[in-house]
Amino acid sequence: MERIMNFWNQISTIFLSFEIPDFLDICLVAFVLYHLIKLIRETRAFQLAKGFLLLGIAYILITALHMQASTYIFHRLFTDLIILIIILFQPEIRHALESVGGSSIPKFGFFTGSKNENTVRNETIKKAINDVCKTCNDFGQKKIGAIIVFERDTLLGEVINTGTAIDATVSKELIGNIFFPMSPLHDGATVIRNGRIIAAGCILPLTQSQTISRDLGTRHRAALGLSEEGDAVVVVVSEETGGISIAKKGLLERNISESVLREKLNNDLLLDTSANKNDPGVIKKIFGGLKR
């Protein structure tokens, strides 16, 4: 009975000493853990994380049983755990940091530009989207392979440098010439930034995922690989089937129609101009030339 009373006294003491900073601390830890699990649950890091969890449980049991030799080995292992995590989870850590750096923030005019500037930008991008969708539909009927990348917040300078610089307005004719089967640029990816073709014949990183379908070709694997490393949206036309696919955030949606492709690209690429953004964007005025 005395033990029960002591237990309840300890519980009541915890609740009585519970303050707002404690609540915020719990919420922060829960938020970090939730997004960490969400980030790695569909990657190989999730299996590695489960392995580390099992090792941690084993370490607790070994320590409790006073197994000296095993405790020493596990102690040495966990001493270098941070280095092991950095080595084993390097791609996932990089992706996580890119996700944090590219996370959505309120699109105030201070960061993006005025409402009129965004409206003009949207018109340019919308025209590019329409030309890409029509061209991809034609490519699908003729079974001409293509891979087109729409850059978003994550800059693709490393990818662009692997290709041929173009910097031209998007048009059906230009895209058709780039991906014409005898063209020297048709095997690489074309990168579109702010509604303009920046480069063609670019080389994309291939996905390292072991769970994707084996019937996917190099273009689809490259599209997935790039989408895993940033927020780019990648459109692929299969040379074998003529099917149109779209890759985003490490996920590939296959065999979509022209109308569905247009809807998805509009949703992902066009800025919301409904809010009041009449003031010019100071940050854009200063740094706007960095993407050019």
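Quick notes
- Test: residue in region 163-176 that is in a helix (DSSP H, G or I), in contact with a Lys or Arg (Cβ under 9 Å, 6 or more places away or on another chain) and either in the same structural domain as ALA223 (by TED's automatic domain parsing) or modelled with pLDDT under 95 (or both): yes
- Residues of region 115-145 that are in a helix (DSSP H, G or I) and among the hydrophobic types (A, V, I, L, M, F, W, C): VAL120, ILE125, ALA128, ILE129, VAL132, CYS133, CYS136, PHE139.
- Search result, residues across region 208-234 that are assigned to a loop (DSSP other than H, G, I, E, B) and among the β-branched types (Val, Ile, Thr): THR211, ILE212
- Residues that are outside any loop (DSSP other than H, G, I, E, B) and within 21 Å of the chain's Cα centre (by Cα), drawn from region 239-258: ILE244, SER245, ILE246, ALA247, LYS248, LEU251, LEU252, GLU253
- Enumeration of residues in region 179-207 that are β-branched (Val, Ile, Thr) and not in a loop (DSSP other than H, G, I, E, B): THR190, VAL191, ILE192, ILE197, ILE198
- Cβ pairs under 8 Å, 6+ apart, first in region 38-57 and part of a helix (DSSP H, G or I) and surrounded by 14 or more Cβ atoms within 10 Å (Cβ to Cβ), second among the polar types (S, T, N, Q) and modelled with pLDDT under 75: LEU39/SER99
- Residue within region 201-222 that is closer than 15 Å to VAL132 by Cα and surrounded by fewer than 19 Cβ atoms within 10 Å (Cβ to Cβ) present: no
- Region 222-251, residues that are more than 15 Å from ALA146 (Cβ to Cβ) and touching a Leu at 6+ places or on another chain (Cβ under 7 Å): LEU224, GLY225, ALA232, GLY250
The values are calculated or read from the model by the stated rules, or taken from the named source; none is laboratory data. Please read these numbers as outputs of a predicted model, since none were measured by experiment. All Cβ positions, glycine included, derive from the backbone under ideal geometry; neighbour counts span all protein chains shown.
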